């Protein structure tokens, strides 16, 4: 009984044969709705920075270079392919493509850079200043921040309400004696 | 002529052992419905290991001595065995006890290397290897004893071929059954591959070895498998006897290949047994082998 | 001569050691997937070994957390040369979404020198097989940086801004 079941097992595995996919030598497309690397359509992007605010890995950096140029840098090395940027984009400029073959030996290979031309205000003639006036950014953060394109990350600066003397007093705090103070 | 046979022995064992291991890996892969590595893969493995750095991690003489000792012992066994039904120049001067001694010496070298590694996993692997060796080597010795009892001499030719030379007796049939089950333990494949190179459960005795040392140990294991499989093919399959040296050589190598195919099929369809379950089976095997020896001495 | 032969056989028989430095196990499951019959990576000669001393390649998954940083360095040092490191997943490539949190040192490159990165969260088994094939030289690299511009400006504004930020100098453009 044991022997016949083993022989039956050996004969059973002959039926499916070899199921290995010949993958790197034959293409294998991603399934429907697969979230691969995001891709920006530079003709549709308005430079609102919504994708940058919503990225959980802070992968998308937005920086004003001067009055009329805004640079948007997507650094794919930390991207988790969640799709929030594509979800929140008001112009539907971001598409989650089905590119998953992103392997590389240099992390700079998976970046996308956009240079956007920003229009000026009709009344004052200046562009909307993202870094200091954006109300959304001031919510929930302890200070102003800006995205550094060189360091590929967000830099936090201290607020203007920060007072060093207060901080020192809290650090040198001592418990009162048990005899009451 | 018989001196040339010594060199032919050593060369054939050295060069063909990785091929048989590759056949086993390919069959295991096909049973698992996948493509598997090419059949010559173990050659690439050995060559790559020979080119790696040698990290002397335990820094004592036993650690450095173990791989060459194991390799030397199995080379000595390869030089002695009567491949091609012909006892060669070295084989005429030794007897079956030397063969058992040299095979055990290889196992003891592995134990020495494992215990010298100063690694807990290696110590556990070594203790299981010790238990397996103690319980399973008697079956090998008793196989040679059956041959010696029927061939009336302890020489290598009688011990190996005596079991089937004077016709198939009851003792030979009983011994065949015991050796066939013990063969899985000798070549360290499922269901009995607990101590050696069981990377999945614990790291085994070779955990601290790297580079050329590990290559020597792997080659030692491959050649050991080939010796035991050849012993089965040569000792228990008398219809492979053609009479000429070259013809016997070819048929014995073919028989070894078929034995390896059977080992691979059994190995890939069985789970691994725990050491305590395996010990019970080994005890049963020793009892059966004793019965076979008794029958052989009684003349059956 | 033996050394040349050994070097030629190195890409045909890579032995892999899997090191999880604080991953969520998503990438570990995908690494397990490539050893299954469907994506079988053993046909390239790759075998999973349990000890770094037997391995040629370390598959690093996970953003390297602070407790695992010295352990990853120890495992890498235990591997004999020549060795490679593949960083699997977004966490090993750059720290994932936790790159600046309190317990994460920021990805595989802070602990060991990483040779190949395979981004993804988790990367598809095909993506890992593609990365392995790229390392073996069987396929070409497909990822490349993309630069898109809405309007072509005549002045190099990016360089000028960078110079002001980094060196506090005013970048002058000579009008020729």
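General remarks:
- Sorting B:161, B:13, A:117 by the number of Cβ atoms found within 10 Å of their own Cβ, with the fewest placed first, yields A:117, B:161, B:13.
- Debye intensity ratio in log₁₀ form over the Cα atoms of region B:1-151, taken at each q of 0.10 Å⁻¹: -0.50
- A Gaussian network model of chain B, with springs between Cα atoms under 10 Å, assigns the largest mean-square fluctuation among B:284, B:84, B:157 to B:284.
- Sorted by Cβ density within 10 Å, fewest first, the residues B:52, B:189, C:4, A:44: C:4, A:44, B:189, B:52
- Length-normalised contact order of region A:1-111 in % [C-alpha pairs under 8 Å, at least 6 apart]: 31 percent
- Using 0.36 nm per residue and subtracting the Cα-Cα separation, the extra length available between residue B:56 and residue B:291 on full extension is 79.9 nm.
- Summed over qualifying helices (DSSP H, 4 residues or more, each -39500 (n - 2.57)) and divided by its residue number, chain B shows a 222 nm mean residue ellipticity of -24500 deg cm²/dmol.
- 0 to 90° range, to nearest 10: angle between helix B:212-236 axis and chain B longest Cα axis: 20 degrees
- Taking B:214, B:43 and counting other C-beta atoms within 10 Å, the order from fewest to most: B:43, B:214
- The alpha carbons of the protein assembly as shown stretch over 117, 75, 53 Å along the principal axes, in descending order.
- For chain B, modelled as a GNM whose springs connect Cα atoms under 10 angstrom apart, the maximal fluctuation among B:281, B:74, B:263 occurs at B:281.
- Computed from the Kirkwood radius of its Cα pairs, the Stokes-Einstein diffusion coefficient for region C:9-136 at 20 °C and 1.002 mPa s stands at 150 µm²/s.
- One equal scatterer on each Cα of region A:1-127, no solvent, Debye formula: the resulting log10 I(q)/I(0) at q = 0.10, 0.15 Å⁻¹ is -0.49, -0.79.
- All distinct Cα pairs of region C:1-57 go into the 1/r average, and the inverse of that average, the Kirkwood radius, is 12.7 Å.
- Spatial offset of region B:226-300 relative to region C:55-129 amounts to 47 Å, using the alpha carbon center of each.
- For region C:9-136: relative contact order, % (alpha-carbon pairs under 8 angstrom, 6 or more apart): 27 percent
- Computed per residue of chain C from DSSP H runs no shorter than four, each worth -39500 (n - 2.57), the mean residue ellipticity at 222 nm is -9000 deg cm²/dmol.
- At R0 = 41 Å, FRET efficiency that the Cβ-Cβ distance of residue B:257 and residue C:74 yields, to 0.05: 0.40
- Equivalent ellipsoid dimensions for chain B as semi-axes, Å, which come from the Cα gyration tensor, largest first: 30, 22, 20
- Anisotropy class of region B:1-60 from Cα gyration tensor, a/c 1.5 cut: oblate
- Note on residue A:91 and residue A:19: the extension gain reaches 21.5 nm, defined as 0.36 nm multiplied by sequence separation minus the Cα-Cα distance.
- For region B:24-103, the gyration tensor built on C-alpha atoms gives an oblate shape. Its axis ratio a/c (a ≥ b ≥ c) is at least 1.5, and a/b is not larger than b/c.
- Under the simplified labelling scheme, the residue B:64-residue B:2 pair shows an inter-label distance of 3.9 nm, with each label point 7 Å from Cα along Cα→Cβ.
- The angle between the Cα long axis of helix C:69-78 and the longest principal axis of the Cα atoms of chain C comes to about 60 degrees, rounded to the nearest 10.
- Considering only B:162, B:255, B:36, the mean-square fluctuation computed in a Gaussian network model of chain B, springs between alpha carbons under 10 angstrom, is largest for B:36.
- Computed log10 I(q)/I(0) for region A:48-123 at 0.12, 0.14, 0.19 Å⁻¹: -0.38, -0.50, -0.86, from the Debye equation with unit scatterers placed on every C-alpha and solvent omitted.
- Rg and Dmax over the alpha-carbon atoms of region B:228-272 stand at 12.3, 42 Å.
- Helix axis angle, B:61-80 relative to chain B longest principal axis, alpha carbon, degrees: 30 degrees
Every read-out reported here was derived from the displayed coordinates using simple, explicitly stated rules and does not represent laboratory data. This one's a predicted model, so the numbers in the text were calculated from it and none came from an experiment. Note: ideal-geometry Cβ built from the backbone for every residue, glycine included; neighbour counts use all protein chains shown.
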